[in-house]
1. Any idea how many residues of region 55-79 are closer than 17 Å to L96 by Cα and under 28 Å from the mean Cα position of the chain (by Cα)?
2. Which condition number in (1) open to solvent by less than 10 Å² (accessible area, probe 1.4 Å); (2) assigned to a loop (DSSP other than H, G, I, E, B); (3) closer than 30 Å to M464 by Cβ is the one that A169 fails?
3. Within region 374-404, can you find the residues that are more than 23 Å from M464 (Cα to Cα) and open to solvent by less than 10 Å² (accessible area, probe 1.4 Å)?
4. Of all residues in region 295-322, count the ones that are outside any helix (DSSP H, G or I), β-branched (V, I, T) and free of Cβ contacts under 8 Å to residues at least 60 places away in the same chain.
5. Could we say that T287 is closer than 30 Å to I472 by Cα, out of contact with any Leu (no Cβ under 9 Å at 6 or more places or on another chain), hydroxyl-bearing (S, T, Y) and at pLDDT 95 or above here?
6. Go through A343, A348, A361 for me and flag whichever is under 27 Å from the mean Cα position of the chain (by Cα), under 22 Å from R315 (Cα atoms) and free of Cβ contacts under 8 Å to residues at least 40 places away in the same chain.
7. Starting from region 420-431, keep only residues that are touching a residue at least 40 places away in the same chain (Cβ under 8 Å) and at positive phi, then list their pairs with residues that are buried (at least 20 other Cβ atoms within 10 Å of the Cβ) and aliphatic (A, V, I, L, M) whose Cβ atoms are within a distance under 8 Å, requiring at least 6 positions of separation or different chains.
8. When region 222-267 is examined, which residues are found to be surrounded by 18 or more Cβ atoms within 10 Å (Cβ to Cβ), of a type in the set (V, I, T) and assigned to a loop (DSSP other than H, G, I, E, B)?
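The values are calculated or read from the model by the stated rules, or taken from the named source; none is laboratory data. Everything quoted here is computed from the prediction, not taken from an experiment. Methodologically, a virtual Cβ is constructed for each residue, glycine included, from the backbone with ideal geometry; neighbour enumeration extends over all protein chains shown. Heads up: the accessible areas ignore ligands, DNA and RNA and are worked out on the full protein's heavy atoms, side chains in. Shrake-Rupley method; radii C 1.70, N 1.55, O 1.52, S 1.80 Å.
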Amino acid sequence: MHPTPTPTTSPQQPEHRPAPAPVRLGDVVPAPEQVRPEPRADFTLTADTVVRVSPDPAARAVAERLADLLPPATGYRLPVTEAPRPEAADGIALVLAEQPELGPEGYRLDVTPTGVRISAATATGLHHGTQTLRQLLPAAIESSTPVRATWTLPGGSILDRPRFPYRGAMLDVARHFFGVDEVLRVIDHLARYKLNHLHLHLTDDQGWRIAVESRPRLTAIGGSTAVGGAPGGWYTPADYQRILAYAAERHLTVVPEIDLPGHTNAALTAYPELAPAGATPVPYTGTEVGFSYLDPANTQTYEFVADVLGEVAARTPGPFLHIGGDEAFKVKGAAYTGFVERAQRIVAKLGKTVVGWHQLAPAAHVEGRVLQWWGTDGVDPTTADAVRRGARLILSPGNHAYLDMKYASDTPIGHDWAGLIDVRRAYDWDPASQVTGVPAEAVLGVEAPLWTESVTSLAEIEFMLLPRLPAIAELGWSPRATHDWAAFRTRLAGQGPRWTTAGIAFHRSAEVPWPAATAAPPAARVATSAPRPRTA
């Protein structure tokens, strides 16, 4: 976690601000499953508030992150203590307890005049509960300096659990490279909205971004380039471990992607013997797709695939390994399916669950296979057939969930091949019924990809993620019965002052009734840097 200032020892004086309007219990994003307000049961944090937690290392880590999050704005120290049966009296209790109905990620939050109690069956559930608690405090809680305010939480109870087990976002670090600190900041944004997977698109034609010790030229040569001649870069084993650890602390799983057999020009510049006969790859910094591929008839290709996937799998604790598979236009028919089937078997032997873009669908099924569907027309019989053979789907429809699409025709960065996607378009679809012939039980979850051909800075990442990322998060977390655009846009508007206070760049969509005082960087300034936000 990035260090935060300790207001109790800082010479800064609290800034005086008017008492904020009270937050309502139902103002949370994503929408909770059940909300029962008790207007006369508000609880106010004070300098004497204590965080009590069940005696479990993972639960204590959640408590300590909460205790680190609140003091910069409040000026309160919030000591953490362990207790076999934590009580909420004059404090916040994080309680691990057997609650099968909540599942592995659900939680119950109760606010009474004497304290706040968050209970869950797992530390992950407690973590999600603390993110809800954060949103129930005034927006000024996101300040990194002391604020004179009344820190009141609205009374009542919330019972909450996710609709889908997989809820994620993808960051393309291959087209433009983003360093470890930028990735950690994206993780903070995902954790804030109860997303639980970060998919890293680590390799493409323009750059190879993860060190493979058995193939050092992949980064030394393939990692040196990026779109438009921008600086390249890559993650060392230590860098990758730092990302994994930071994500795990926030209860996110990293899904690494090594795109195969296409999108491989950066790899081929490093190891040209893997290219089709007679081809001499040169570095590529443009944005076209479909021209590069590993030679599927070359035995060295599969030695390369085994080496690379083996090292990445060994370093990655999560269950998923993404092998891409899209836009390999020059590898057709049996050559393509044969390659995919061999790659899938390699992943299975490594003890991982294979994930790939939905172009993998015609290949033979392997146990647990997951297809990531990015189509724009839900009539896809090939994918539906793969599901009938056992595949599960992650839904990333290009015309709803691709966050590299422009908000409007005048958005200064992004694409429009899948259409313009403002917040309502990102919100108004149902993952359970998106693909014809695919039953709801075959849908593992949702993911919002951000491709970075035109995205060059951290502020631009945030501008494209927000405010659409919370829309996708709500589709993945909240019950379908809570889906309501009018209610969502109002709740989303309340996030604007939080982002502004935290120094987070975002697009001030005209579809959302932002409070008048909410500031956001104008479109012309999306390339400028922004202050570091508070961590999750």
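1. Step one: of region 55-79, the residues closer than 17 Å to L96 by Cα are 55-66.
Pick out the ones that are also under 28 Å from the mean Cα position of the chain (by Cα) and you get 56-66.
The qualifying residues number 11.
2. (2)
3. Within region 374-404, T383, A384, A386, A391, L393 qualify.
4. The initial filter retains those residues of region 295-322 that are outside any helix (DSSP H, G or I), namely 295-298, 316-322.
If we keep only those that are β-branched (V, I, T) too, we end up with 316.
Applying the additional criterion that residues be free of Cβ contacts under 8 Å to residues at least 60 places away in the same chain yields none.
Qualifying residue count for the region: 0.
5. Numbers: closer than 30 Å to I472 by Cα: yes; out of contact with any Leu (no Cβ under 9 Å at 6 or more places or on another chain): yes; hydroxyl-bearing (S, T, Y): yes; at pLDDT 95 or above: yes.
When the stated conditions are applied, T287 passes them.
6. Values: A343 fails: free of Cβ contacts under 8 Å to residues at least 40 places away in the same chain; A361 fails: under 22 Å from R315 (Cα atoms).
Sole residue among the options that is under 27 Å from the mean Cα position of the chain (by Cα), under 22 Å from R315 (Cα atoms) and free of Cβ contacts under 8 Å to residues at least 40 places away in the same chain: A348.
7. none
8. T225, T264
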